[in-house]
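Chemist: The structure that follows is given in the form of structure tokens.
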Amino acid sequence: MLNGKTAVVTGGSRGIGAAIAYKLASMGADVAVIYAGNRDAAESVCEKCKEDFGVKARSYVCDVADFTAVKDTAAKIKEDFGALHILVNNAGVTRDGLAAMMKEEDFDRVVDTNLKGAFNMIRHCIPLFLRSREGCIINISSVSGLIGNAGQCNYSASKAGLIGLTKSVAKEYAAKGIRCNAIAPGFIRTDMTEAHSDNPLLAMIPLGRMGEAEEVADAAAYLAEARYVTGEVLRVDGGIAM
């Protein structure tokens, strides 16, 4: 269980992020929910965590792509919670298009949020992990980062970059008791994937269905407690990338 631990979940107001926040709260962790725009949704997640599981939960608005904003938010979380033990980098955006026609700003926005945003969070949370003498970082990558996906060169590149970031951070900080792992979801039923509900790849999923956000949350719960696992990429994809 995670009683006495504090978890930060970026992109925690809906979808996979909200499911992870609920799951960690159900295990006893206090939760800091970081969101970009929907304050009401983030507050709803926090209220449910508090009411259903009796934990402390607060929301923070922050563009994770902004280095200084992340630094300030990490300082607020430290002030409010006192310590930090788990970081889930889930914040992500898509700006799909074929490589030959993709706008520069669409490539940059996806990489800045999905990859640089994770770096920014790690960069400013590691000092808090070092004070706690422990830390667990869980980066939400994607099977797109493992096998690519036509029309998503920016998204696939950002998610592949997350895997490299995961392994490098795992090697740098293992001796300090800080673990860093990634989860690579496949087609998970969320608002973001509604636009891809007719994707022909869905027919190629060996288990024959889309996944649920709660199934990704279960993987995050495992990694939060897996004391001898670091630098790993755990696929939650119904077998599509095997």
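Chemist: Which count do you get for residues in the range 222-232 that are surrounded by fewer than 18 Cβ atoms within 10 Å (Cβ to Cβ) and at negative phi? First the steps, then the outcome.
Modeler: Kept after step one, since they are surrounded by fewer than 18 Cβ atoms within 10 Å (Cβ to Cβ), are these residues of the range 222-232: 222, 225-229, 231-232.
Retained after the next criterion (residues that are at negative phi): 222, 225-229, 232.
Counting residues in the range 222-232 that are surrounded by fewer than 18 Cβ atoms within 10 Å (Cβ to Cβ) and at negative phi gives 7.
Chemist: Give the residues of the range 17-28 that are over 18 Å from D63 (Cα atoms) and either polar (S, T, N, Q) or under 16 Å from the mean Cα position of the chain (by Cα) (or both), sorted by residue number. Before you say what the answer is, go through the steps one by one.
Modeler: Here is the first cut: in the range 17-28, the residues over 18 Å from D63 (Cα atoms) are 19-28.
A19, I20, A21, Y22, K23, L24, A25, S26 - these are the residues of the range 17-28 that are over 18 Å from D63 (Cα atoms) and either polar (S, T, N, Q) or under 16 Å from the mean Cα position of the chain (by Cα) (or both).
Chemist: All but one of (1) of a type outside the set (G, A, S); (2) surrounded by fewer than 19 Cβ atoms within 10 Å (Cβ to Cβ); (3) at pLDDT 95 or above hold for R131; state the number of the condition that does not hold.
Modeler: (3)
Chemist: Answer yes or no as to whether E43 is at pLDDT 95 or above, over 20 Å from the mean Cα position of the chain (by Cα) and either crowded, with 17+ Cβ neighbours inside 10 Å or part of a helix (DSSP H, G or I) (or both).
Modeler: no
Chemist: Among the residues of the range 146-192, which ones are closer than 18 Å to L98 by Cβ, touching a residue at least 40 places away in the same chain (Cβ under 8 Å), among the small types (G, A, S) and crowded, with 20+ Cβ neighbours inside 10 Å?
Modeler: Scanning the range 146-192 gives a single hit, S158.
Chemist: Limited to the range 19-69, what total is found for residues that are out of contact with any strand residue (DSSP E or B) (no Cβ under 9 Å at 6 or more places or on another chain), in contact (Cβ under 8 Å) with a residue 24 or more places away in the chain and closer than 23 Å to R123 by Cβ?
Modeler: 4
Chemist: A further question on this structure: Given the conditions (1) over 17 Å from V31 (Cα atoms); (2) surrounded by fewer than 19 Cβ atoms within 10 Å (Cβ to Cβ), report the number of the one that N114 does not fulfil.
Modeler: (2)
Chemist: Of the residues in the range 46-57, how many are outside any loop (DSSP other than H, G, I, E, B) and loosely packed, with under 15 Cβ neighbours inside 10 Å?
Modeler: 3
Chemist: Tell me which helices (runs of 4 or more DSSP H) are completely within the range 58-159 and hold 2 or more residues being among the aromatic types (F, W, Y) and touching a Leu at 6+ places or on another chain (Cβ under 7 Å), or say none if there are none.
Modeler: Where helices (runs of 4 or more DSSP H) fall fully within the range 58-159 and carry at least 2 residues being among the aromatic types (F, W, Y) and touching a Leu at 6+ places or on another chain (Cβ under 7 Å), they are 117-132.
Chemist: Moving on to the next point. If you scan the range 100-110, which residues turn out to be in contact (Cβ under 8 Å) with a residue 12 or more places away in the chain and surrounded by fewer than 20 Cβ atoms within 10 Å (Cβ to Cβ)? Spell out how you get there, then give the answer.
Modeler: Just the residues of the range 100-110 that are in contact (Cβ under 8 Å) with a residue 12 or more places away in the chain, to begin with: 102, 106-107, 109-110.
Hits for the range 100-110 are M102, D106, F107, R109.
Chemist: A further question on this structure: Applying the selection to the range 85-99, what residues are in contact with a Cys (Cβ under 6 Å, 6 or more places away or on another chain) and either under 22 Å from G12 (Cα atoms) or surrounded by 19 or more Cβ atoms within 10 Å (Cβ to Cβ) (or both)? If you could, list the steps in order and put the result at the bottom.
Modeler: So in the range 85-99, the residues in contact with a Cys (Cβ under 6 Å, 6 or more places away or on another chain) come out as 86-87, 99.
Result: I86, L87.
The values are calculated or read from the model by the stated rules, or taken from the named source; none is laboratory data. Note that this is a predicted model, so its numbers are computed, not measured. Ideal geometry is used to build each Cβ from the backbone, glycine not excepted, and the neighbour counts take in all protein chains shown.
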